Amino acid sequence: MSMARTVSDTRLIFGRYLRQTLRSKVAVVFGLTQPLLYLLLFGPLLTRLGGVRGFGSGDAWQVFVPGVLVQLALFGAAFVGFGLIGDLRSGVVERLRVTPVSRTALLLGRVLRDTVVLVAQAVVLLGAAFALGLRAPAAGVAVGLLFVVGLAVSVASLSYVLAMRTRSEDAFAPLLSAVTLPLMLLSGILLPMGLAPGWLDAVSRCTPFRYVVDAARAAFRGDYATAAVGEGALVTVVLLVVSVALGARRFRAENA
Amino acid sequence: MIEARGLARSFTTRHGTVEAVRGVDLSVAAGEIVGFLGPNGAGKTTTVRMLTTLLAPTAGTATVAGCDLRADPAGVRRGIGHVAQGGGTDPSVPVGEELDLQARLHGVPDRRARIAELCELLELTVPASRPSAALSGGQRRRLDIALGLVHRPRLLFLDEPTTGLDPQSRGNLWEHVRSMRDRDGTTVFLTTHYLDEADALCDRLLIIDRGGIVARGTPAELKRRVAGDVVTLELSGAGEPGPAGGEGAASSPASAASPASAAERARSALARHPAVREATVTGRTVRLTVQDGERELMGLVRSLDAAGVVLASVSLARPTLDDVFLAVTGRSLRDAAA
Ligand SMILES: Nc1ncnc2c1ncn2[C@@H]1O[C@H](COP(=O)(O)OP(=O)(O)OP(=O)(O)O)[C@@H](O)[C@H]1O
Ligand SMILES: [Mg+2]
């Protein structure tokens, strides 16, 4: 399968699913409500915590907003598998698989759509955060968005792999919450893990999103050349490569 | 176009292993329309999904559209079109978008003209912006078919293409399938439950039951293989005391007590005839199964004449595919499918 074919097929598949998203604007808006609610109803509480030991330096918004961004990417991308299960059921997946379409494009086209949607939501979220009082350097915010992109691609790919394996909403949904909720709590999205007791901090260091959240926080503070940013970038890249490889393998398998 | 040897597929479920297809051999020549006939669960769809690269066989080999199924599935896909039994459209996606994407993925030149032509041929006259959820069942089926045909494949797999179509649309599709074969030399492999469809459309039939092919041949050959033709004799009632009473099989003593009725006389005269396989008397009607009925008919009438039986009418019917199905599987297709 030639590279050019994969690229043009990815564009076609991306177009199909982007149009699908644009048709169901309600879903896009609802995807944003949860992080916006966190921002509005939980953020103001945190601003009172500034200066508490372990909260880290920097303004409370600079600590909180990166966490909400990662949460958006994590949850938004984790649920994309439901769309694939719908397509498996309606026969769309098999219909597309009998065409000469690049198998990799069937994955990448979808993932690209998911990423674009999440970045758009992240931009709206950042706008709201600035309105509420976030102040962060533009470069830091851009780095934060890059992390969102990396996470969205990785988590969406993994969600598709899981959807392909389970093939039913009934099996997929509980598996999803069993995986995402602990990962979210352990990443220190709501409160920095610097506040955690030693054992919790240690467990947290075994999960990938911890590093991404810490890195995004450092970037929002303007501390680019830090170990946190380096570790976060490394974890994100490894996660990205592994997830896309798993996804591509799953979509290329003869019996998918 | 299709050459399959020992194709088999089993599924492992919680309740054990299901052998959906057990070692199917089949060959389909270019330009043929071959029908795959069988009751529910016989393994038709499973076979088609294997041949269209959607399902890996557990055993066996196949060459489809000139490419090896295992070694070059991408090559197979370039040569084929497939209309799945359950269709393959997203209810929320507009008709026009589905067709356009399919045509682009196949690299169809002059997409718009081709799509317009196809919609006209299949009488799919709905606005392109309408989502397929808002189509009638038959319209959706025709959309599925259009999606499978858009790139003018050399080899077309149709899995129960006419389920849900009204008689006019069915006839229309048959005509289109025939004209694709006649004009473009398209090879068609279709599954069906409908005997009239298999009879009217297919050059050759394969009958599958419980995962194995149990009979194959042209519709005429298959029908010739079973029992024979059915001759129905209606006896004249003139001078008779009335129907000889009730239903009676060949051995029924129903009319033995009454004075030898015309029906009984007819039956005993015919029983000696070498071409008659079976004779059944129902009232004044005698139903005969006759080998080579067309040729034997005159002889039958003559021997009835000799026995002094007066006939009101004679009719000759060829066996149907349902009779064939009954003969090879021991079940009626309608019962099996129920
Ligand atoms: N994915 C699967 N998992 C388990 N069993 C399956 C699967 N697919 C098919 N089967 C079983 O394999 C057998 C053959 O099914 P198949 O769909 O090929 O039948 P069919 O001839 O197409 O029937 P129909 O006329 O109802 O469409 C059935 O017993 C079915 O239950
Ligand atoms: Mg079937």
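The values are calculated or read from the model by the stated rules, or taken from the named source; none is laboratory data. In this text, all values refer to a predicted model and were calculated from it rather than measured experimentally. Note: ideal-geometry Cβ built from the backbone for every residue, glycine included; neighbour counts use all protein chains shown.
Looking only at segment B:21-58, count how many residues are within 9 Å of ligand 1 (Cβ to nearest atom) and more than 14 Å from chain A (Cβ to nearest Cβ). The qualifying residues number 10.
Just give me the residues in segment B:207-228 being buried (at least 20 other Cβ atoms within 10 Å of the Cβ) and in contact with a helix residue (DSSP H, G or I) (Cβ under 9 Å, 6 or more places away or on another chain), in sequence order. Of everything in segment B:207-228, those that are buried (at least 20 other Cβ atoms within 10 Å of the Cβ) and in contact with a helix residue (DSSP H, G or I) (Cβ under 9 Å, 6 or more places away or on another chain) turn out to be B:207, B:208, B:209, B:211, B:219, B:222, B:223, B:228. Within the set B:135, B:173, B:205, the sole residue that is within 14 Å of chain A (Cβ to nearest Cβ) and either within 16 Å of ligand 1 (Cβ to nearest atom) or out of contact with any Phe, Trp or Tyr (no Cβ under 6 Å at 6 or more places or on another chain) (or both) turns out to be B:135. Taking segment B:274-330 as the region of interest, the strands (runs of 3 or more DSSP E) fully inside it that hold 1 or more residues being crowded, with 17+ Cβ neighbours inside 10 Å and touching a residue at least 60 places away in the same chain (Cβ under 8 Å) are B:285-290. Apart from one condition, residue B:90 fits all of (1) more than 7 Å from every other protein chain (Cβ to nearest Cβ); (2) in contact with a helix residue (DSSP H, G or I) (Cβ under 6 Å, 6 or more places away or on another chain); (3) among the acidic types (Asp, Glu); the exception is (1). Residue B:85 satisfies every condition listed in (1) away from ligand 1 (no atom under 11 Å from the Cβ); (2) within 11 Å of chain A (Cβ to nearest Cβ); (3) within 16 Å of residue B:159 (Cβ to Cβ); (4) not aliphatic (A, V, I, L, M) except (1).
Considering only residues in segment B:35-52 that are at pLDDT below 95 and surrounded by fewer than 24 Cβ atoms within 10 Å (Cβ to Cβ), the one that is nearest to residue B:199 (Cα to Cα) turns out to be B:39.
Pairing each residue of segment B:206-224 that is in the same structural domain as residue B:159 (by TED's automatic domain parsing) and more than 15 Å from residue B:330 (Cα to Cα) with any residue that is acidic (Asp, Glu) and surrounded by fewer than 21 Cβ atoms within 10 Å (Cβ to Cβ), provided the two are 6+ apart or on different chains, yields C-beta distances under 6 Å for B:211/B:19; B:219/B:199. Cβ-Cβ contacts under 6 Å between residues 6 or more apart (or on different chains), taken from a first residue in segment B:38-49 that is over 16 Å from residue B:156 (Cα atoms) to a second residue that is near ligand 2 (Cβ under 8 Å from one of its atoms), are listed as B:38/B:44.
May I ask you to say which residue of B:105, B:143, B:124 is touching a residue at least 40 places away in the same chain (Cβ under 8 Å), over 23 Å from residue B:31 (Cα atoms), among the hydrophobic types (A, V, I, L, M, F, W, C) and out of contact with any Gly (no Cβ under 7 Å at 6 or more places or on another chain)? Selected residue: B:143, the only one of B:105, B:143, B:124 that is touching a residue at least 40 places away in the same chain (Cβ under 8 Å), over 23 Å from residue B:31 (Cα atoms), among the hydrophobic types (A, V, I, L, M, F, W, C) and out of contact with any Gly (no Cβ under 7 Å at 6 or more places or on another chain). The condition of being farther than 13 Å from residue B:88 by Cα, within 16 Å of ligand 1 (Cβ to nearest atom) and either in the same structural domain as residue B:26 (by TED's automatic domain parsing) or surrounded by fewer than 19 Cβ atoms within 10 Å (Cβ to Cβ) (or both) holds for residue B:191. Among the conditions (1) of a type in the set (A, V, I, L, M); (2) crowded, with 20+ Cβ neighbours inside 10 Å; (3) within 16 Å of ligand 1 (Cβ to nearest atom), the only one that residue B:18 does not satisfy is (2). Just the residues that are touching a helix residue (DSSP H, G or I) at 6+ places or on another chain (Cβ under 6 Å) and either under 13 Å from residue B:216 (Cβ atoms) or away from ligand 2 (no atom under 16 Å from the Cβ) (or both), please, taken from segment B:34-45. The answer is B:35, B:36, B:37, B:38.
Residue selection: residue B:80 satisfies the criterion of being within 9 Å of chain A (Cβ to nearest Cβ) and of a type in the set (A, V, I, L, M, F, W, C). Evaluating residue A:253 against the criteria (1) surrounded by 13 or more Cβ atoms within 10 Å (Cβ to Cβ); (2) within 14 Å of chain B (Cβ to nearest Cβ) leaves one unmet condition, (1). Residue A:109 meets all of the listed conditions (1) farther than 29 Å from residue B:149 by Cα; (2) within 14 Å of chain B (Cβ to nearest Cβ); (3) crowded, with 21+ Cβ neighbours inside 10 Å but one, namely (1). One residue alone among B:171, B:138, B:164 is away from ligand 2 (no atom under 16 Å from the Cβ) and over 22 Å from residue B:206 (Cα atoms), and that residue is B:138. Considering every residue within segment B:59-69, establish whether at least one is touching a strand residue (DSSP E or B) at 6+ places or on another chain (Cβ under 8 Å), among the charged types (D, E, K, R) and more than 11 Å from chain A (Cβ to nearest Cβ). For segment B:59-69, residues touching a strand residue (DSSP E or B) at 6+ places or on another chain (Cβ under 8 Å), among the charged types (D, E, K, R) and more than 11 Å from chain A (Cβ to nearest Cβ): present. For residue B:9, the requirement of being surrounded by 21 or more Cβ atoms within 10 Å (Cβ to Cβ), free of Cβ contacts under 8 Å to residues at least 60 places away in the same chain, under 20 Å from the mean Cα position of the chain (by Cα) and within 21 Å of residue A:91 (Cβ to Cβ) is not met.
When residues in segment B:93-132 are screened for being away from chain A (no Cβ under 13 Å) and closer than 30 Å to residue B:41 by Cα, 1 of them pass. Contact annotation: no residue pair with Cβ atoms under 7 Å, 6 or more positions apart or on different chains, pairs a residue in segment A:89-100 that is more than 7 Å from chain B (Cβ to nearest Cβ) with a partner that is surrounded by fewer than 22 Cβ atoms within 10 Å (Cβ to Cβ) and assigned to a loop (DSSP other than H, G, I, E, B). Would you confirm whether any residue within segment A:81-101 is buried (at least 18 other Cβ atoms within 10 Å of the Cβ), among the aromatic types (Phe, Trp, Tyr) and not in a loop (DSSP other than H, G, I, E, B)? No, segment A:81-101 contains no residue that is buried (at least 18 other Cβ atoms within 10 Å of the Cβ), among the aromatic types (Phe, Trp, Tyr) and not in a loop (DSSP other than H, G, I, E, B).
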